[in-house]
Amino acid sequence: MATWFDIKFRTMNKIYASKGNDIPNDSSSVDYIAAMPGACNEALQLLATAGKFIIKSIQIAHNPVKNLIADGKRILSSEGGTLTIQATNAKSLYAEVLGNVTMTISVDGFVVSSESISSKSHYSPVRRLITNPDNKNVEVSFTSDYPLAIKNYALYGATFESADDVQSFAEVCKYDLKQMADSFYMLSQDGVIFEGSQGISRYELTSDYYEEGGSILVLDRDKPGNYTIYYRAYPQTITASTPDDYVLELDPEVDALVPLYMASQLYKEDDNALATTYRNEFEAGFERLKDAKKETSSEKFSSESGWI
């Protein structure tokens, strides 16, 4: 892989021949060198988002905590009045409330907390830890005269480190790949691999997911397991302080095109004809990359002849 020095050196050689193995550092070259990071970033963005994708991967342990409330009630909403849920061994609570709600938590028949919650414009999440060392029955009541005041409620047997860590509850689990994945640009085609879960051992391409908003991966709560997510990444950003020995994440066919683009941008005011020639060479190579790019897919086969 090329270093930042290699890219700068080859770019400068297209503008005028450098003597030896060093990049000229005089009044005739200082403006070119100063403009190189910007030109390089333009080339990398073009190449990585249309010509030759940078493919990276992350692993997601999709293991939602089991809701102790019956599955049939997990997204039920209350039309007002009092809604009561209960479960033995509960240690934490999650619910989403709208309007004015009074929430009361009892353990083994004794009220341990009662509070008023108000959320006028949208459903707000409520997360609470429940002290229940002896695994007694826990009962939680929500009282409100507001329509559709409660939804997505759950009692968990899990003990979370803090109330903020109590897992949300819904039919699906959403993962923000922009927050989780380094330099996330977009999901790679056929890029979600299911690696299995407890009692299920497999490694296969899966289509059991949704994508929202370009970066939100949505997995069904009822399909837990480990997933490998392949995605297209933005290129690294080059700055004036990038060291010469910094290695760029470039395949050889991309490596060869970056100096052409940089030289075409840097030299167009001095020699527009030569700069146009370099740009045409870049565009020809860029089109070849776009024509040749193919997503890596997951395949498996067996040999009928027995050679493998």
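Checking the stated criteria, residue 241 turns out to be free of Cβ contacts under 8 Å to residues at least 12 places away in the same chain, outside the structural domain of residue 179 (by TED's automatic domain parsing) and among the polar types (S, T, N, Q).
A quick yes/no check of all residues on (1) under 30 Å from residue 231 (Cα atoms); (2) more than 32 Å from the chain's Cα centre (by Cα); (3) surrounded by 15 or more Cβ atoms within 10 Å (Cβ to Cβ):
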site	(1), (2), (3)
7	yes, no, yes
10	no, yes, yes
25	no, yes, no
30	no, yes, no
33	no, yes, yes
43	yes, no, yes
53	yes, no, yes
62	yes, no, yes
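Scanning segment 241-255 turns up no residue that is surrounded by 15 or more Cβ atoms within 10 Å (Cβ to Cβ), of a type in the set (Val, Ile, Thr) and within 22 Å of the chain's Cα centre (by Cα). Here residue 214 meets each of (1) in a strand (DSSP E or B); (2) under 30 Å from residue 44 (Cβ atoms); (3) in contact with a helix residue (DSSP H, G or I) (Cβ under 9 Å, 6 or more places away or on another chain) with one exception, condition (1).
Restricted to strands (runs of 3 or more DSSP E) entirely inside segment 24-117, those with at least 1 residues that are touching an Asp or Glu at 6+ places or on another chain (Cβ under 7 Å) and small (Gly, Ala, Ser) are 92-107.
The values are calculated or read from the model by the stated rules, or taken from the named source; none is laboratory data. Since the model is a prediction, treat every value here as computed from it, not as a measurement. Positions of Cβ are backbone-derived with ideal geometry, glycine not excepted, and every protein chain shown enters the neighbour counts.
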